[in-house]
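Contents: one structure, followed by commentary.
The values are calculated or read from the model by the stated rules, or taken from the named source; none is laboratory data. This one's a predicted model, so the numbers in the text were calculated from it and none came from an experiment. Here the Cβ is made from the backbone with ideal geometry for all residues, glycine too, and neighbour counts use every protein chain on show.
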Amino acid sequence: MNEGLEKPDYPFYRGKPVALGGAQWLVPLAGVALATGILMRPPAIFSTGYLQVAPSLLLVFLPLAGLALVAGRHWTALFHKVRLADVGWMFAFALLNYVIAILLGFAVIAFADTQVNPAISGMAGAGGAVQVLFFATSIPQLIGEELVSIIPFLAILSVLTRNTSVSRRSAVVIAWLVTAVWFAAIHLPTYNWNVLQCLLLIGVARLVLTLAYIKTRNLWVSAGAHIINDWMTFGLAIVGAAVSTG
């Protein structure tokens, strides 16, 4: 893993550590699409026992495998050594995301019906062992959700800067916005196809989490912020359910 003292540049778009052309990006993007499809509509074989965690593991493996096929050992350029400052950024972006989600949540509720994430309602009444297992198995899925967001972000950045006259800054903004919409779209089935809720809550949450990557160029940081944020959400839901039934 890369451990430079200075913040590194975005990988793969200017030949560092290796340049990927538009056609090459199709390989990791195919991994992203396949992994996302399996997560959204898992095959029957993944519906019971320990195999239920397979879609989350594939969400990590398939995008990275696709990237490794075209970038070789340089797939590790997504990740860097986690320093104390990076841990601070994880908590800072997780807290920022949580505050924005609360404020936007009140606004969305005032104008439209919203859907509860079934995982939250399911865990609120589950036993302690099931809750611990859920938190543990959420880790690969949330890392995978970062991969299926950041790899397309880098692909768009690379294609725009190499093949168009779009400036680097504009390419970053376009990639930032497009991947937020993509992330919102893949959450539509989870929230009963509530477009407004997904765009305003999930999409904005993705903007904040991608900012964590833009700030540090380290996928561990955006993944850490994502895990902290979701664990706070699930944890508070479980505590709230326990208090209300206690």
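Scanning segment 187-198 for residues that are crowded, with 18+ Cβ neighbours inside 10 Å and assigned to a helix (DSSP H, G or I) yields a count of 2.
Taking the options Ala225, Ala184, name whichever one is in a helix (DSSP H, G or I), under 11 Å from the mean Cα position of the chain (by Cα) and farther than 28 Å from Gln24 by Cα. Selected residue: Ala225, the only one of Ala225, Ala184 that is in a helix (DSSP H, G or I), under 11 Å from the mean Cα position of the chain (by Cα) and farther than 28 Å from Gln24 by Cα.
Evaluated against (1) modelled with pLDDT of 95 or more; (2) more than 18 Å from Ala185 (Cα to Cα); (3) small (Gly, Ala, Ser), Gly31 falls short on exactly one condition, (2). Just one of the numbered conditions (1) over 30 Å from Asp9 (Cβ atoms); (2) in a helix (DSSP H, G or I) is not true of Asp113: (2). Among the residues of segment 131-172, the ones that are closer than 16 Å to Arg217 by Cβ and basic (Lys, Arg) come to 2 in all. Residues in segment 53-74 that are in contact (Cβ under 8 Å) with a residue 40 or more places away in the chain and over 30 Å from Val18 (Cβ atoms): 1 in all.
Considering segment 80-124, the residues that are of a type in the set (Phe, Trp, Tyr) and surrounded by fewer than 16 Cβ atoms within 10 Å (Cβ to Cβ) include one that is farthest from Thr216 (Cα to Cα), namely Phe111. Screening Leu95 against (1) within 27 Å of Ser167 (Cα to Cα); (2) aliphatic (A, V, I, L, M); (3) under 20 Å from the mean Cα position of the chain (by Cα) leaves a single unmet condition, (1).
The number of residues in segment 128-150 being among the small types (Gly, Ala, Ser) and more than 17 Å from Thr210 (Cα to Cα) comes to 4.
How about segment 40-63: which of its residues are buried (at least 20 other Cβ atoms within 10 Å of the Cβ) and of a type in the set (A, V, I, L, M)? Selection gives Leu58, Leu59, Val60, Leu62. Between Ser158, Ser138, the distinction of being part of a helix (DSSP H, G or I), of a type in the set (Gly, Ala, Ser), in contact with an Asp or Glu (Cβ under 7 Å, 6 or more places away or on another chain) and modelled with pLDDT of 90 or more belongs to Ser138 only.
To keep it simple, each residue is scored yes or no on (1) of a type in the set (Ser, Thr, Tyr); (2) more than 14 Å from the chain's Cα centre (by Cα); (3) within 21 Å of His74 (Cβ to Cβ).
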{"residue": "Arg168", "(1), (2), (3)": "no, yes, yes"}
{"residue": "Leu188", "(1), (2), (3)": "no, yes, no"}
{"residue": "Leu207", "(1), (2), (3)": "no, no, no"}
{"residue": "Tyr213", "(1), (2), (3)": "yes, no, yes"}
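Of everything in segment 2-25 that's surrounded by fewer than 15 Cβ atoms within 10 Å (Cβ to Cβ) and within 23 Å of the chain's Cα centre (by Cα), which residue is modelled with the lowest pLDDT?
Here is the first cut: in segment 2-25, the ones surrounded by fewer than 15 Cβ atoms within 10 Å (Cβ to Cβ) are 3-7, 9, 14-16, 19, 21-23.
Those left that are additionally within 23 Å of the chain's Cα centre (by Cα): 3, 7, 9, 22.
Working: Glu3: 48, Lys7: 74, Asp9: 89, Gly22: 88.
Per the stated criteria, the residue is Glu3.
In segment 75-100, the residues that are free of Cβ contacts under 8 Å to residues at least 60 places away in the same chain form Cβ pairs under 7 Å with partners that are surrounded by 14 or more Cβ atoms within 10 Å (Cβ to Cβ), at six or more places apart or across chains, as follows: Trp75/Leu64; Trp75/Leu67; Trp75/Ala68.
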